[in-house]
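> Quick one: this structure, given as structure tokens, is what I'll be asking you about.
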Amino acid sequence: MTLSSDPRSSHLLAGAQPGGSSLPAASPERLPALSINHTRLADRLEQLGRIGRQPSGAIRRLAFSPEDLQARGLVQGWMEEAGLEVRIDAAGNLIGRLAGRSPQRGCLATGSHIDTVPSGGLYDGALGVMGGLEVAQTLQEAGVQLDHPLEVIVFADEENTMVGCKSMVGRAPAEAEAYRTTIGEPIATCLERIGGDWQQRSSAQRRPEDLACFLELHVEQGGVLEAVGKQIGVVEGVVGQQRYTITVDGQANHAGTTPMGMRRDALTTAAQLVLAIEDMARHFPGDPVATVGKLQVWPNAANIVPGRVEMTLDMRDLSHDVIDHMRAHLQRKIENIAVASRTRIALEPQFVVDPTPAAAAVQEVIVQSCEALGYSHTHLPSRASHDAQEMGRLTLMGMVFVPSRDGVSHSAQEFTSPQQCAAGVQVLLDSLLRLDRQLA
């Protein structure tokens, strides 16, 4: 993506060369030599992780729950301690802001979420928030004021409704019935509990000129960085996703009296489809993934030939075109398999999420920071959704990944070492300093 073709960047990069993919050249003045407080970062991650910790070691901090409220209060206190001006918008986003030398400029924003899945880990989301807070406090303690304002954002309910980030970019559903909160309470009640206001939620929407860039630090939640031995992941973008229900209708019949050649077995047909989907994803151009994750069989009895199967299909890639071509390819496979098996196969869409590329120039800045700090790095996509996926629809977006041990996340076994966490936050700080210079 070239910045000249990106309408989000037109108000930011008046000095960029037409057709160029780079930000304006940085000032020759050297960046301030700042180092984060590694011990404070680790201590705060641990303190936050005590809230909602289960006997298993997993963390249960569901959005809008008492644990979530306790954690938000703790983080708000740390924001105030760091000298940030704190507010909560109508969508429940907790926002800490440092003034910049040029208050008319759009802000540099960073952050993530602190809510978890029902059995989550210590680092998912929390590292991005603690990292942003550490950057802000490091700047304050060093007496360094950025040209742009800096915002550290705790987005509301990333793990389920994404009401916080979607409201901020103007993409949240308008109907309360569209939200199914994890704790089972109405969204209006939940937002009120954390200081938001359902009736005024549109006021949480930001304009493109309000934000110069959004940069999110996150654990990878996969095993690529560890496998290739790199310290930092420069995220190319957040993949798009298409999810479908596939229904196979055959003929239920007696398992003993129906010869093999006379069967219309929905399950063996479904098995052919699963293998066809696996083969397609492995060999399709690009780097897509496709998953059949749920399968139900009727009548599901040992002595009956299955007559009906329903299964889910999840396809993801950075390119919307690749996913569309996969769907068309699969449709042709379905037609051939249905004829050969004498079954009926239906492919019904559940939902579509468009991919969000990270701005090429922001990726370039992250690379510059890694090289300046001496950290090894590689480019990779994010195959999981993040707040950055929505924020990137509004402004220039980038993400920094740090390794997840054994690729495990959403689990008590989720682990990223203190050194790896600190490296990610140091890259976040350096990148924000560079972006402050170059976007100015």
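Only the coordinates and a few stated rules stand behind these numbers; no lab work does. As the structure is a prediction and not an experimental result, all values here were calculated from the model. Reconstructed Cβ throughout: ideal geometry from the backbone, glycine too, with neighbour counts over all protein chains shown.
> What ratio of Cα Rg to 2.2 N^0.38 Å holds for region 55-100?
With N residues counted in region 55-100, Rg over 2.2 N^0.38 Å equals 1.37.
> Would you kindly give the portion of the calculated P(r) for region 137-252 that falls above 21 Å, as a percent of all Cα pairs?
61 percent
> Run the simple label-point estimate for His320 and Glu80 please: 7 Å along Cα→C-beta, distance reported in nm.
4.4 nm
> Using the crude model of +1 on Lys and Arg Cβ and -1 on Asp and Glu Cβ, and no other charge, please compute the dipole size for the chain relative to its Cα centre, in debye to 20.
Using Cβ point charges on Lys, Arg, Asp and Glu, the chain gives about 800 debye.
> Within 10 Å of each residue's Cβ, count the other Cβ atoms and sort Leu313, Leu127 from fewest upward.
Leu313, Leu127
> Which entry in (1) 1.03; (2) 0.95; (3) 0.99 matches Rg/Rh (Cα atoms, Kirkwood Rh) derived from the coordinates of this structure?
Among (1) 1.03; (2) 0.95; (3) 0.99, the one derived from this structure is (1).
> Then there is this: Put a dot 7 Å past each Cα toward the Cβ at Glu348 and Arg207; how far apart are the dots in nm?
Between Arg207 and Glu348, the simple spin-label model gives 4.4 nm.
> Can you give me the Cα centroid spacing of region 59-100 and region 207-264 in angstrom?
First find each Cα centre; the distance between them is then 31 Å.
> Taking Cα pairs under 8 Å and at least six residues apart, what relative contact order does the chain come out at, in percent?
23 percent
> Tell me, how many Å apart are the Cα centres for region 294-335 and for region 115-153?
Spelled out, the Cα-based centre of one part sits 41 Å from the other.
> Under 1.5 on a/c is rounded, so check that first for region 344-431, then, if it is not, pick prolate when a/b is larger than b/c and oblate when it is not; a ≥ b ≥ c are the square roots of the alpha carbon gyration tensor eigenvalues.
The shape class here is oblate.
> How much of the pair distance distribution for region 240-353 lies past 16 Å, counting alpha-carbon pairs only, in percent?
58 percent
> Now for a different question. From the phi angles alone, apply the Karplus equation (6.51, -1.76, 1.60; θ = phi - 60°) to region 284-297 and give each ³J(HN,Hα) in whole Hz, x where the residue is Gly or Pro.
Couplings: 6, x, x, 9, x, 10, 9, 9, 9, x, 9, 9, 10, 10 Hz.
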